[in-house]
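Okay, structure first, notes after.
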Amino acid sequence: MLTEDRSNQTARKGCLMAMIPEESSKLIVNFTKQLINENDLYVEGNEYGLETEGHVTIRYGFLKDLNELEIRQLIQGQKPFMMEIYGLDKFDTHPSYDVAMFRVNSPVLRQLHEMSGIYLNESDYPDYNPHLTLAYVQKGKFNHIKEGIRLQVPVRQICYAPISGGKSYWGLE
């Protein structure tokens, strides 16, 4: 999911995510609050704004709900792993807002993305660009682009959000 466009909520799709541990997520939220003025956030109803649950999407676009066995098969034998945050950037392709995010690198995320492609899914973005969304910002209000960041963040948990709603969390072995 390249721009995390939520404009079509009626066509809900399932999502598999690598979760950032709560302590790291709180640090990232505090960093974002210092970086982005609250008045610059893009808010529409109860949507968008500041991202408060740190995650990196592994795959968005499942067209049917995955069952417990399918999720277990995807993460079977997967140990906790580290991902690297390597840049502060934005996606600016949506006409109404920009997405402030950290660029992320992880061979494990790419492998999980590839493996999860066996299940029926649909995406508007052919290339997988792992990222950690910080906030949705009013168009043109985020200019804090920075390369050369090197921060290791652990991933110990996977979350699955089915089409039918709710979320389930899976610890890595």
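Residue 166 falls short on exactly one of the conditions (1) under 17 Å from the mean Cα position of the chain (by Cα); (2) in contact (Cβ under 8 Å) with a residue 60 or more places away in the chain, and that condition is (2).
Taken over region 30-53, the criterion of being open to solvent by 20 Å² or more (accessible area, probe 1.4 Å) and aliphatic (A, V, I, L, M) is satisfied by 35, 41, 43, 50. The condition (being closer than 19 Å to residue 20 by Cβ, in contact with a Leu (Cβ under 9 Å, 6 or more places away or on another chain) and touching a residue at least 40 places away in the same chain (Cβ under 8 Å)) is satisfied by just one residue among 75, 145: 75. Screening region 139-173 for residues that are assigned to a loop (DSSP other than H, G, I, E, B), open to solvent by less than 60 Å² (accessible area, probe 1.4 Å) and out of contact with any Asp or Glu (no Cβ under 6 Å at 6 or more places or on another chain) and picking the one that is nearest to residue 96 (Cα to Cα) gives 140. Within region 76-85, can one find any residue that is in a helix (DSSP H, G or I), of a type outside the set (Asp, Glu) and within 19 Å of residue 150 (Cα to Cα)? No, there is no match, as no residue in region 76-85 is in a helix (DSSP H, G or I), of a type outside the set (Asp, Glu) and within 19 Å of residue 150 (Cα to Cα). Entry remark, region 29-83: residues being under 17 Å from the mean Cα position of the chain (by Cα) and basic (Lys, Arg) number 1 in total.
Confirm whether residue 136 is in contact (Cβ under 8 Å) with a residue 60 or more places away in the chain, assigned to a strand (DSSP E or B), of a type in the set (Phe, Trp, Tyr) and open to solvent by less than 40 Å² (accessible area, probe 1.4 Å). Criteria met by residue 136. I'd like to know if region 71-90 contains one or more residues that are open to solvent by 30 Å² or more (accessible area, probe 1.4 Å), at pLDDT 95 or above and within 22 Å of residue 37 (Cα to Cα). Yes, some residue in region 71-90 is open to solvent by 30 Å² or more (accessible area, probe 1.4 Å), at pLDDT 95 or above and within 22 Å of residue 37 (Cα to Cα).
Answer yes if at least one residue in region 20-40 is of a type in the set (Lys, Arg) and in contact (Cβ under 8 Å) with a residue 24 or more places away in the chain, and no otherwise.
no
Within the set 52, 57, 93, the sole residue that is in a strand (DSSP E or B) and among the hydroxyl-bearing types (Ser, Thr, Tyr) turns out to be 57.
The values are calculated or read from the model by the stated rules, or taken from the named source; none is laboratory data. All of these numbers come straight from a predicted model, not from anything done at the bench. All Cβ positions, glycine included, derive from the backbone under ideal geometry; neighbour counts span all protein chains shown. Accessible surface areas use protein heavy atoms only, side chains included; no ligands, DNA or RNA. Shrake-Rupley method; radii C 1.70, N 1.55, O 1.52, S 1.80 Å.
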